[in-house]
1. Please work out how much accessible surface residue 137 shows to a 1.4 Å probe, ignoring ligands, DNA and RNA, in Å² rounded to 10.
2. Kirkwood Rh and Cα-based Rg: tell me the resulting Rg over Rh for the stretch 327-382, rounded to two decimals.
3. At 37 °C and 0.692 mPa s, grab the translational diffusion coefficient of the stretch 191-272 from Stokes-Einstein with a Kirkwood Rh over Cα pairs, rounded to a whole number in µm² per second.
4. Calculate the radius of gyration of the Cα atoms of the stretch 488-619 to one decimal place, then report Dmax, the largest Cα-Cα distance, as a whole number, both in Å.
5. Of all accessible surface on the stretch 18-88 at a 1.4 Å probe, what whole percent is carbon and sulfur?
6. Ranked from the most accessible area to the least, with a 1.4 Å probe and all protein chains present, what is the order of 317, 649?
7. Got a sec? Charge dipole of the stretch 618-660, +1 on Cβ for Lys and Arg, -1 for Asp and Glu; which of 637, 624, 654 is way out at the positive end?
8. What does the stretch 628-687 give for Rg and for Dmax, in Å, if only its C-alpha atoms count?
Amino acid sequence: ACAIRDAMWQVPAFDYRVPSEWLAWLRRALAMLRAWGFGGFPEIPDVLQFAPLSVNDICCLIPPWFGALASIFTGFLAHEVTRSNNAALVATGIMAVIPAHLMRSIGGKFDNEAVAMAAISSTFWLWLRSVRTPRSWPIGILAGLSYIYMVLAWGGYIFVLNMVGLHALVLVALGRFNSGVHKAYSLFFLVGTYGAIQIPVVGWQPLRSLEQIGPLLVFLGYQVLAGCDAVRRRQKMSVSAFVSFRIKVVIAFLMALFAVSVLLYPTGYFGPLSARIRGLFVRHTKTGNPLVDSVAEHMPAKPGSYDRLLGLPLTYCIHGAVVCAFRRSSACYFAGIYAIVAMHFSGKMSRLLLICAPIVAVGSSIWFGFLLDVMMEPILWLLGKPGQEAAIVSDSGEASTKAKGEKEKPSPKAAPKGKDKGSNDKAVSKSKQKTAETPKSYELQEFEEEFRPGGMMMLINDLQSSLSQVIAEEAKRMAKMVRTGGDKQFFLGRLALSGFILARLMSLVPEIAAWIDDCHAYGQALSNPKVVTTMRDQHGQPVLVDDYYQGYRWLAKNTPEDARIIAWWDYGYQITGIANRTSLADGNTWNHEHIATLGRTLTSPEKRAWNAIRHLADYLLVWAGGRGDDLAKSPHLARIGNSVFPDHCGDDDPRCAKFGFNADGTPTPMMRASLLYKAVKHKLTPDVQVDPRYFEEVHTTRYGKMRIFKVVNISEESKAWIADPKNRICDAPGSWYCVGQYPPALDKLLAKRRSFAQVEDFNKAGQKSAYTRMVEQELSGGGRGKSP
């Protein structure tokens, strides 16, 4: 954002009047579409203005900027799958408005995924483009560079890497491996991995993490297969000899891998699966990390979520799958793999509905692109589209053009001067050798480099040849007529079919318009600020509730600039961004132990909490008023705190059942004594208020949604110690985040902490909490564990 701002300041502000005569037709087309019900189409302004933006405005605009890029790259991806310009345009339009993508592309939704979706679509498109033909392999370098961008943007790079690796493996299984595919994947993997390991948070994980070991094995396997092909060409092996040789080499390769794994495993070389990744492959909705399990977006997607976020395009994806089943290109196989993986993972974690957006846009565009192509093809034939036979203008129906591959053979040429007979004989010998290796009736496909003996493709070709012999000549002739238009009578039938398709598409206009309006309404709802909501009063009149915003503004106006605010980590970004005050924790979940310390402190008895807070913060902020307030979240806070402080609820109570509400709605003794309960219910419930010796109420918003308390008698010594730059520690060993440290006065509290085995690279030495062990026992079928 800062780089964009600096670049914008180099360009002076200016106004540009849009030439109305040039765009008159486009304005009329957009007006017609709006009249048909497509109200989401914007109007073209008369004047375009440019002026430098602030960093805040740039951050707000980055999601729609990159959302537009993601839509364009999704169109390229659809074109690579279908080779249809119509499909590409449809996919671009769907991706631009589909709610699953709007979740992260609406202005102001500044998040990692906002810039990552463009990287996902661009990496997939470039990868498929690199394996289109054996000569396309240099594009693998661009795919690797795009993957580096993905690694920088979002942790979902693991999904992208494994998708490419899985597709590369499927290409081998389909017999589509060749030197072009080998070079493309090797370049993608080498360039991408080299860039990834330069990023501190990633490091050497691509070569050690179980989450990324699959693509590494595919890379090694590709080198083995390429080596086998090199030996085959050099030694001119027969089919049976090559098959036998390759089987022996593959067995030796697998045995070598097994031996290396046995040697490395005891050393701790391989990293375990992270909690989030592990949660994608288990039957339960819990990962073993109470912090991850507390996030709503990490819960499985509900059936209604698919209808709401993917909507109408999802309905036509199955039609697109049928079209792809007949084409069976390498890109179509990738689309099928993508669809299966995306639907599985989104079913495990609702947040991953985001990755369904590109493939749903592509899947539905395959079908609509197919219909548009079929509809427009007869018209294009009349305009001279290549492939239409001369029979279309002849009553006899006889074609005057020769079939493909039946070109007149050139006569042999004499050897050029200066060349001896021996060199000419060698050329003839090579020609004979090639003819002997490749069957005369075999025509290489676009993705093939040569006739590969003894592989899956050879088996597939033999099967297709057998089926081709069974198919009647009349059926083949009809299929050719469908492709080329055939005689005039058949051409008229194609025109009639085009008319029917046009009528059917026009009948869908109201449904499509309604879906676009729903997308527009969803986008408007997302655009509304989360700290300002609209509610209804007792008379049914709308009431604007801006308690959260006004509460943060109160902090900005009425507290010192160096004030430190303790609150649950959910509100950290808002405290920093709106109130411009220091929060003890923001929305980042990397430092589990620190967030657990906050959870334990807030859910502890008031005096015990104050003993810790006075060394850390100046103000306490809580959300109140019901409907998702801090009391509703408090069981999660206690559970997370107990994962690091086993003395909080105890290892015998990993769910922290003793902290919560009874069946009759009354708080349990542990909750009633907690600081969080007293702060939220302060003077609202009889006999419940904070002790003025520890906390002083300084502000409650109009509707009671936010309450702010000043910490009494803070430790100036600890505050000065924290402010001293020499006491600030960053760069946790093996990672990138600032671990920080606490003032010495909290050493007694910190001694009770038990490092949590978050199984990330910087925290894997920790111990498993009672909660983690309980979840693992559930996953193994051992019941719900010990919990009162």
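1. Rounded to the nearest 10, that gives 80 Å².
2. My calculation of the ratio gives 1.17.
3. For the chosen part, D equals 222 µm²/s.
4. In order Rg, Dmax, the Cα atoms of the stretch 488-619 give 27.5, 92 Å.
5. The C+S portion of the solvent-accessible surface of the stretch 18-88 is 68 percent.
6. 317, 649
7. 624
8. That works out to 11.6, 34 Å for Rg and Dmax.
The values are calculated or read from the model by the stated rules, or taken from the named source; none is laboratory data. The structure presented is a predicted model; accordingly, all values stated were derived computationally and were not measured. In this analysis, Cβ positions are derived from the backbone assuming ideal geometry, glycine residues included, and neighbour counts consider all displayed protein chains. We work out accessible area using only protein heavy atoms, side chains counted, and drop any ligands, DNA or RNA first. Shrake-Rupley method; radii C 1.70, N 1.55, O 1.52, S 1.80 Å.
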